[in-house]
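Chemist: Encoded as structure tokens, here's the structure I'll be asking about.
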């Protein structure tokens, strides 16, 4: 090897962050690693779409991958290998040599705070996440897109792409609440091309349908069809919209039929044949007022016997669960007596969704812990007046039952 060639190779080590180094590794990443990986990836996706047979008894999903069409496929393994090699061999994380007199420049400080300096490597990370998604490994894909968003926080396009795919993974896993919260954080002004708009609206269609709003889901599917990368995927979204509207019509027709049934009149007599439109706002348990308001801010209370559980370990488990599960929320953990509380949640349904996710996680002490959703105001009143959770729940159950009967 000549001295000149040796000098070029050594100057392009990933341990040295120079303009020449960044350009060299960006070029090699794209054309030596990613080109073949991308080509095989698109071939595998096209084959999946062409060979997939939909279940006619269910509403068509935007993409065969959403139905785990590639769950047993090895077609994406080659692209995964290429993406992993690109990340392992061409990542530049060392900071470049600083320039004196620039420390107060905001743009310079952003540049120096980057976690990745190879400008092409974001494509490798996105390819890796997309491959896992196409294989139906939604949880692994979610983790990759989470890491991608963090690693390339300086690149708004990569961040928004990763965020949409995070929401798509959670939606396909059935975690609709979190999927919706993630997608709501997407800046639609940064949907810079048709592909991203297609991903955004097709993902929104899944979330809206799973939330029970078939009409909105159909509208999102039709918008997504306008930006679909090919005629086949556009046709799928149009067919999905049609099926959602037909399903919505069936539900409306069924409700109409139910409403047309003559129900027996109540024998209860009200003064002047009217029912009070002002239900009591406050309820009393041992002379303590509560609101039992489902729409109020809620907390999740963890009740347990401190003799049978390691409280510090439980706190760690809760914190670890929150950090690993929620990308867009940061919940507070507080301790009071032999209880912990996690919050704040937007409303009762939000808190109940958290409880279900925590229980499904199968964290070791979960069978020794009781989880209860209580509004923040009621929790403060309950604890300050030493009212037990059982007494509170008993009163709340009666209050809600009375309200529903009215």
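Chemist: How big is the Cα convex hull of the range 283-405 in projection, averaged over all directions, in nm²?
Modeler: Average of the hull's projected areas for the range 283-405 equals 7.7 nm².
Chemist: In Å and on Cα atoms, what radius of gyration and Dmax does the range 356-406 show?
Modeler: Looking at the range 356-406, its Cα Rg and Dmax stand at 13.9, 42 Å.
Chemist: Among 341-349, 124-132, 388-396, how do they line up by average Cβ neighbours within 10 Å per residue, starting with the highest?
Modeler: Taking the mean over residues of other Cβ atoms within 10 Å, the ranking is 124-132, 341-349, 388-396.
Chemist: While we're looking at this one, here's another question. Place the peptides 225-231, 50-56 in order of packing, highest mean first, counting for every residue the other Cβ atoms within 10 Å and averaging per peptide.
Modeler: 225-231, 50-56
Chemist: Could you compute the FRET efficiency for residue 195 and residue 53, with r as their C-beta to C-beta distance and R0 at 35 Å, rounded to 0.05?
Modeler: Efficiency at R0 = 35 Å is approximately 0.85.
Chemist: Based on the Cβ-Cβ distance of residue 388 and residue 330, what FRET efficiency does E = 1/(1 + (r/R0)^6) give at R0 = 45 Å, to the nearest 0.05?
Modeler: For residue 388 and residue 330, the calculated efficiency is 0.90.
Chemist: What is the packing order of peptides 63-75, 370-382, taking the mean over residues of other C-beta atoms within 10 Å and listing the highest first?
Modeler: 370-382, 63-75
Chemist: Further question: Considering the zone a paramagnetic label at residue 320 would reach in this model (a point 7 Å from Cα along the Cα-to-Cβ line), which residues of the range 361-401 have amide N under 14 Å from it?
Modeler: In the range 361-401, the label zone of residue 320 (backbone N under 14 Å from the point 7 Å along Cα→Cβ) covers 361-366.
Chemist: Want the number for residue 230 to residue 42: 0.36 nm per residue separation, take away the alpha-carbon distance, what's left?
Modeler: Values: separation 188, 0.36 × 188 = 67.68 nm, distance 1.24 nm.
Computed gain between residue 230 and residue 42 is 66.4 nm.
Chemist: Multiply the residue separation of residue 364 and residue 71 by 0.36 nm, subtract the distance between their alpha-carbon atoms, and state the gained length in nm to one decimal.
Modeler: Contour length minus the Cα-Cα distance gives 102.6 nm.
Read-outs: derived from the displayed coordinates by stated rules, not from any lab. Because the structure is a prediction, the values reported are computed rather than measured. Methodologically, a virtual Cβ is constructed for each residue, glycine included, from the backbone with ideal geometry; neighbour enumeration extends over all protein chains shown.
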